[in-house]
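All remarks here apply to the structure that follows.
The values are calculated or read from the model by the stated rules, or taken from the named source; none is laboratory data. Everything quoted here is computed from the prediction, not taken from an experiment. Please note: Cβ atoms are built from the backbone with ideal geometry, for glycine as well, and neighbour counts cover all protein chains shown.
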Amino acid sequence: MAQEQKKKKNWLVRFLGACCTLTLRTVMFTLMLIFGLSAVCWVLFIKFFNAQYLSEEITTQLQRALNRPVVITALDLKFFNTLELKGFSVLDSEVAHGEALVSADSVAVRFKLLPLLDHQLVIDEVTLNRPRINIVRGEDGRYNVPDIRAPKKTSGNAAAPAGERFAVSVQDWTVKNGVMSYKDLQNKTTHAVYGLNLHFERLRFDELSRFQMEMVLRNKWKDNISDMEIKGAGHVNFANFDWSNFALRSLRAQVFAFRKPVALTVDLDNLRTPYFNIRAQVPAFEGKDLSVFDDKMAQFYFPQADVSLKGVLSNNYRTLKINESAITAQDVRAQASGTLNFAEAPFTADVQFSTGPMDLAPRSRNYPPLEKYKLTGSGTVEKAHLVRTGGQWQLPLLTLTAQNAGGDFYGFLADGVSGTFQAKQNFSDLYAHTTSGKVTVDRSVFDKLQLSGFYRKGNVYANIAGGELNGVPLKMNLAINHIKSPKRKITTNLYLKHFEPMPFIGVVFDFAHVIGRVRPFKVRAPQTGKLAWLVNFRERLPKFMPNFAGTLSADTFSSTVISGNNFFAEFDLTGLLPGMDQLNGTLDATLQNGVIHQMEKLAEEQQALNITFTPFIIMHRMERAGSFKVGQVLKDVPFEDMAASVDFVNGRMNINNAFTQGPTISAAVQGWTNWVEENFDIIIWTMFNNTSRSGALAENLTDESGNPALAFKVSSSMRKPKLEMLKAKQTGRQIKAAQSRGLRTVFESNRDFIKGDFHAKK
């Protein structure tokens, strides 16, 4: 039994040994066959090609294609199918003489063996290790990039035509860790690309070929260095290396700008005159991100946006023309087009852009200085024209429309404004037209405004074709000449349906109060006591209207003293400043079919009225005492015409002519009043009409016609006036003479302005 087991064991050993021997022989035969075939291929390769021959052939072909000197220091054959070119460089013989246009530590060429038998060099992949590409723009504007021509195309299996050693075709290209620099000798600037990695899959020269890429783009701006990381893939067509037929399709890249990713999609045609179409998803940028370009940019905030850009680079890459662009961010959609010219230093630009409607309130988030204006409503940039020359940006034109807009503009509160606004020549010329809106100035409200106006060369013109002031319908035009000068002049034509002097003066003071907050000026504290009204008025005159001329008209007029109809005034005043000591000019005014109210009562309350109305009051008391009868109680005195023509000379008011004509009382006034020194010298003639006597009147109380009359001279200080009674015989004659003289104006401008004929005549 043991012997039998021993026999079985010896048989197994002999069987395994035979199997091993057979396997070993098979492996050895296979290896010998492989080495034999490799040796045959190697012999065939050496027969047709050797290192020196290949080096010379590659150098010749590249020099012919590039039209530049090519240097290869060494060529090694590795692993039967790989060539390695060491010390490879393409010299720049055009712009930077002798410098390398392209150089690389090594160029590895992996090829197929069998096609060599058919005189074809089929290259699977060309790998450039650590290449350095130096693109230079010379002082004459020419670039050192050569015109490359690909070899003539041959069929994949055909033998090479007579006269050619072999045909060459390349499948894939790879660039590892490359560096590309761009030097502009004209502008003395340099840009660089680092860490360039490229891979072209099945590269063709007559159709789109796919590629992948990654790189870092480094730019230097005002001593600040910014890096942009770019990763992407796309399709490219080299089109036989004719740069005018170059095409790049659907390059998808992620660019890191200020460490924030920007997603890009790029289409590009024609490297000679590149046409591009760029779509970008841009993240939000804070002012601190953008301050590298300009300190003023620190105030801006740009929200996340979608951007599209179409354009062309021409004039040897020195002119950028934007044919079409669109930006969508938040509720804003903007369009732009224009041209940037980099041939000049500094570069020039001519750009136009517009937007769709946008809410105005959020704009303060984009530009914080706008917060103080408290913007509301919506607006549209209809057209904006930007020009850059001499390193300075200019704004020839900006056109905006507003819809139900509002805001706080230095105390002028706007609300519900709709219209068009235009700026020209860097805001030196401004234009506005509104169809509706409300403006509140302190306590004064301008509503339902139909306004047009402009600002040009320091002059302002505005016209209100319709509107309301504190509920009263108005029309107005306004011209301010030399608004920035302390000698500015204001010319206005104002029509109010109803005019009240004191509320209107309140409007003027409202303007002065608001403007004073912008340009503060010192005023005296309000005074009390005698003549407080005069002191307060005199010392609180607004400085913004030192020269004031124009017309004032109203259908009706009312005050605590007088009311009437058809009020007209024309004036031309200079030196209208606090103190009134520089006041000069003229004033004419008229009022018809009115009433002098409560003379005696008001005279008791107002010192100045007491002086002015003393003759009327005395005659009123005489009538009550029964000296004569006028047929009614002399409480409110009616009149048909009231008019005055005065001149101002250094604060002194000279009354050239003033008169009142009525069914009950007529009067005339001559003399002067000095508002600065607070004294006067006035003669007042007063006569009652249509009276009947109840007794005899003294001779000095009757006119030569026999009607009750008074003549007074009021003089001396306003605080302690002196009243002197004069002979009254000439009263009627003086009143008629004053009425005959009339005023210096017939108020033609007022009437034309009310009718709307003013502009036609001007």
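Per-structure values
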{"quantity": "Qualifying residue in the stretch 146-157 (condition: surrounded by 17 or more Cβ atoms within 10 Å (Cβ to Cβ), under 30 Å from ALA343 (Cβ atoms) and either at pLDDT below 75 or among the hydroxyl-bearing types (Ser, Thr, Tyr) (or both))", "calculated": "yes"}
{"quantity": "Only listed residue being touching a residue at least 40 places away in the same chain (Cβ under 8 Å) and hydroxyl-bearing (Ser, Thr, Tyr), chosen from THR348, THR328", "calculated": "THR348"}
{"quantity": "Residue match in the stretch 390-399 (condition: farther than 30 Å from TYR317 by Cβ, under 18 Å from the mean Cα position of the chain (by Cα), part of a loop (DSSP other than H, G, I, E, B) and not aromatic (Phe, Trp, Tyr))", "calculated": "no"}
{"quantity": "Residue in the stretch 497-526 that is modelled with the highest pLDDT, counting only those that are over 18 Å from ASP442 (Cα atoms) and exposed (fewer than 14 other Cβ atoms within 10 Å of the Cβ)", "calculated": "PRO526"}
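Residues are listed down the side, and each one gets a yes or a no for (1) surrounded by fewer than 17 Cβ atoms within 10 Å (Cβ to Cβ); (2) in contact (Cβ under 8 Å) with a residue 40 or more places away in the chain:
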| residue | (1), (2) |
| --- | --- |
| GLU382 | yes, no |
| ALA405 | no, yes |
| GLY416 | no, no |
| ALA423 | no, no |
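Residues are listed down the side, and each one gets a yes or a no for (1) modelled with pLDDT of 80 or more; (2) touching a Lys or Arg at 6+ places or on another chain (Cβ under 7 Å); (3) among the acidic types (Asp, Glu); (4) part of a helix (DSSP H, G or I):
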{"residue": "MET687", "(1), (2), (3), (4)": "yes, no, no, no"}
{"residue": "ASN700", "(1), (2), (3), (4)": "no, yes, no, yes"}
{"residue": "GLY706", "(1), (2), (3), (4)": "no, no, no, no"}
{"residue": "SER715", "(1), (2), (3), (4)": "yes, yes, no, no"}
{"residue": "LEU723", "(1), (2), (3), (4)": "yes, no, no, no"}
{"residue": "GLN734", "(1), (2), (3), (4)": "yes, no, no, yes"}
{"residue": "SER740", "(1), (2), (3), (4)": "yes, no, no, yes"}
